[in-house]
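Report on the structure given below.
The values are calculated or read from the model by the stated rules, or taken from the named source; none is laboratory data. Remember, predicted model here, so these are calculated numbers, not experimental data. Cβ coordinates were reconstructed from backbone atoms using ideal geometry, including for glycine residues, and neighbour counts include every protein chain displayed. For accessibility, only protein heavy atoms count, side chains too; no ligands or nucleic acids. Shrake-Rupley method; radii C 1.70, N 1.55, O 1.52, S 1.80 Å.
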Amino acid sequence: METTPHSAADISRLIRPRSIALVGASDREGSIGERTLTNLVTHSAFDGEVYLVNPSKSEIRGQRCWPSVASLPATPDVAVVAVPASGVLTVIEECAARGVAFAVILSSGFGEAGAEGEREQQRMKEIAEHGGLRLYGPNCPGLTNVNGRLGLTFSPSFPHDLTPGPIGLATQGGGLGRNVMQAMERGIGIGLWASTGNEVDLQVADFIHYMAEAPDIKVIVTLLEGIKDGPKFVAAVQRAAANGKPVIGLKVGKSEYGRRAAQSHTASLTGSAEVNSAVFRQFGVIEVDDIDELVDTAWLFARAMPGAQDALGIYCSSGGTAALTADAVGSAGLTLAEFTAQTTEVLRAKLPAYAAIGNPVDTTAMVLSDKTVVETTLGCVANDANLALTIVPIALDYGETTTRLADNIINAQKGCAAPIVPIWMSDRLGEGYQKLVAAGFAPPRSIGKAISAIGRWVEYGRWLRSNAVVGRPALPPLAAPLGDGATRSLSEAQAKARLHEAGIGLLPHALARSAEEARALADGMGYPVVAKIASEQVVHKSDIGGVQVGLQDGAQVEAAWREIMASVLKHQPGATIDGLLIEKMAPRGGVELMIGVTRDPVFGHVMTFGLGGIYVEIFRDVTRRLLPIGAHDAAAMVREMRSFALLDGARGRPKADVAALEALLVRVSDFVARHADGLEEMDLNPVWVGAEGEGALPLDAVIVERTGTPA
């Protein structure tokens, strides 16, 4: 069961064990050991061997107890550890020595409890690794295989949360995970729940990877407080995408308050919210913002995957409700479909002249007097060839009329491949609502919640259609570094020398060590030129008067030398100055962009691209990708900019050299990949992009490298 760094563990024997030892089994009512025993023996349907371990008992509930793991008559696949924290290491030592494959550690008091607990947790990890034992937890509520009806958990809710289904759930915290599980009250089936706690060994990523291969799981849901192994997480979600299984993710810790809470809860790295979201988008993880949206989105995917169409239909019997829903569709950037002529013809024939037969459809209150209206028209709308999905908002519980509507929805769905999404807006959950729940619709409870889920569903369909990479292995991510190291900033001249060696195009430039040499270099290049201070200690050159642009002749160059040197000496008297970098001015026109690279502590190197120059801080119009990237990602990054129209010939501007820009992004990615161990940060700002055929050229360059490992 050995794994290489960042690879997923084979956890099939943990999910479907043949034998289980419960260490800390108890008959003391309400104790962790008693609750776990009850769930395992009374409420599970496990037909393998169950061994009870308790040194102070000879038997519990008529079943023999063994004093230790070492004394068991056979080696179990899984040991469930329900003893106080002070006794856990001894149990882990016994399990490792005995050759137990997995230990589920329910006990708390480790990494989440401070420095001493962290040391105990690290010792636990070392013992397990030495003995080939894989650890789940500690500080977790256990593992629940609903489809296999097996509860390795102390939760008293286990016997009430046993609706099997196609959704797999992987969380770190237990409370939010159980909240998702209790969406079963709406008929939502969740086949497997892993709540990994402190993740001393097995992580959420291991369970995403397992679910990506599990035949009984169609949709994967994850709630994350932190990601400890970025490359492993990326590999897991890539596998899910390759197998056609959407991953819906909710990442807490986006704000400073949330980050503090997440770190104190699971002691996990939370990472940058922007980077996390960028990685999610890049690899097709559907990011949501709240539990309701998580559940509604997951169940919509479980019901149907998006297809070639993404336009929507609205079918309603209330004009105001139809308009409200249409507003929500438009505000979300979604599209209402144009009905086919066949659908329009049916609606015109079946509905009164005063009904709205466009999209949205408003049947009016005619449904009260003609019980066949919905039956004869809803199915027609839902089967329209131009629709991806039909929304049926139900504003109120109207007794028998609403119950009949529920029956019509259920019957229409039977004859329709595209999903029908009823929205139950009333707080009165009458018979109609119960019928929809029983039929597997799990109606969202508001228009806003429904449209959020539908928007994610449509967006993922677009992602699938635009990412042919889903069917093949994606580019492997770069590993994040271990530990911290000292860094140094290269001078611009040094940084540009590195870029030039990598084949990245630059404007003519050279380092001058005197005013006379600066003038001679400028004369040779031709005017106008730019003069910049060359010093490793001066990163933000413009802020201290270290840059002069538009120099038109030799006299101006010599004057610039004197003025720049004086200004730098005044503001940074201790800086080591190599001279002035003299550079040819970029042609007039063009667009200024920026390309930046930082090393994220969780995922590794991340590229940020967008509007540059002085505007990057003002407009923050940027897109991000985990490196390395290829041509597909480069093209997507360019087009994701809100200001892409500036490059695409807006208002009569010449079209920019987008092809050269995309090629530059890939070359920068290749440069980072070749120098990954040493490169800490990189900033090309501005990057000048000319008209088609004129190229894309970095005008300024900053490279920060780890000392001792040259980039």
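Between residue 342 and residue 308, what FRET efficiency comes out of the Förster formula 1/(1 + (r/R0)^6) with R0 = 25 Å and r the beta carbon distance, rounded to 0.05?
Plugging the Cβ-Cβ distance into 1/(1 + (r/R0)^6) gives 0.85.
At a Förster distance of 35 Å, what's the computed FRET efficiency of residue 47 paired with residue 673, Cβ-Cβ distance as r, to 0.05?
Efficiency at R0 = 35 Å is approximately 0.10.
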Exercise. Which net charge results when you count Lys and Arg as +1 and Asp and Glu as -1 among the other residues whose beta-carbon is under 10 Å from that of residue 344?
Worked result: -2
Problem set entry | Note, ³J(HN,Hα) from phi for the range 88-97, Karplus 6.51, -1.76, 1.60, rounded to Hz, x at Gly and Pro | 5, 4, 4, 5, 5, 4, 5, 5, 5, 5
For this session: Give me the number: length gained by fully extending residue 501 to residue 119, i.e. 0.36 nm times residue separation minus the C-alpha to C-alpha distance, one decimal in nm.
Result: 132.9 nm
Seminar exercise, completed: Pseudo-spin-label distance residue 692 to residue 707, built 7 Å along Cα→Cβ, given in nm, is 5.1 nm
Exercise. Roughly what angle does helix 204-213 make with the longest principal axis of the chain, taking Cα atoms, 0 to 90 degrees, to the nearest 10?
Worked result: 70 degrees
For this session: Compute the distribution of all C-alpha to C-alpha distances in the range 575-711, in bins of 5 Å from 0, and list the percent of pairs in each, rounded to whole numbers.
Result: 2, 10, 19, 22, 20, 13, 8, 4, 1, 0, 0
Exercise. At a 1.4 Å probe radius, carbon and sulfur cover how many percent of the accessible area of the chain?
Worked result: 51 percent
Problem set entry | For the range 165-180, Karplus couplings with θ = phi - 60° (6.51, -1.76, 1.60), whole Hz, Gly/Pro x | x, x, 9, x, 10, 10, 10, 9, x, x, x, 5, x, 5, 4, 5
Seminar exercise, completed: Here, residue 291 and residue 562, labelled 7 Å along Cα→Cβ, have an inter-label distance in nm of 7.2 nm
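For the range 274-344, report the accessible area per residue in Å² (1.4 Å probe, heavy atoms, rounded to an integer). Present the calculation step by step, with values, prior to reporting the outcome.
On the way: 2600 Å² over 71 residues.
With all protein chains present, the range 274-344 gives 37 Å² per residue.
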For this session: Taking only protein heavy atoms into account and a 1.4 Å probe, give the accessible area per residue of the range 578-665 in Å².
Result: 42 Å²
Exercise. Which of the lysines could a cross-linker bridge to residue 414, judged by Cα under 28 Å and excluding same-chain residues fewer than eight apart?
Worked result: 218, 245, 350, 371, 435, 449
Exercise. How high is the FRET efficiency from residue 243 to residue 523, r the C-beta distance, R0 41 Å, rounded to 0.05?
Worked result: 0.05
Seminar exercise, completed: quick note, the chain, DSSP beta bridge pairs, % antiparallel (nearest 5) is 55 percent
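Using only C-alpha positions, report the orientation-averaged shadow area of the convex hull of the range 326-464, nm², one decimal.
Answer in nm², one decimal: 8.2.
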Exercise. How large is the helix-only mean residue ellipticity at 222 nm for the chain, computed as the sum of -39500 (n - 2.57) over DSSP H runs with n ≥ 4, divided by its residue count, in deg cm²/dmol to the nearest 500?
Worked result: -11000 deg cm²/dmol
Exercise. Taking K and R as +1 and D and E as -1, what net charge do the other residues with C-beta under 14 Å from the C-beta of residue 319 add up to?
Worked result: -2
Problem set entry | For q = 0.05 Å⁻¹, Debye-computed log10 I/I(0) when each Cα of the chain counts as one equal scatterer | -0.34
For this session: Work out the charge dipole of the chain with +1 on the Cβ of Lys and Arg and -1 on the Cβ of Asp and Glu about the Cα centre, then indicate which of 609, 73, 242 is farthest towards its positive end.
Result: 73
For this session: Give me the distance in nm between label points sitting 7 Å out from Cα along the Cα-to-Cβ direction at residue 160 and residue 16, one decimal.
Result: 3.1 nm
Exercise. Summing +1 for each Lys or Arg and -1 for each Asp or Glu, what net charge is found among the other residues whose Cβ lies under 13 Å from the Cβ of residue 142?
Worked result: +1
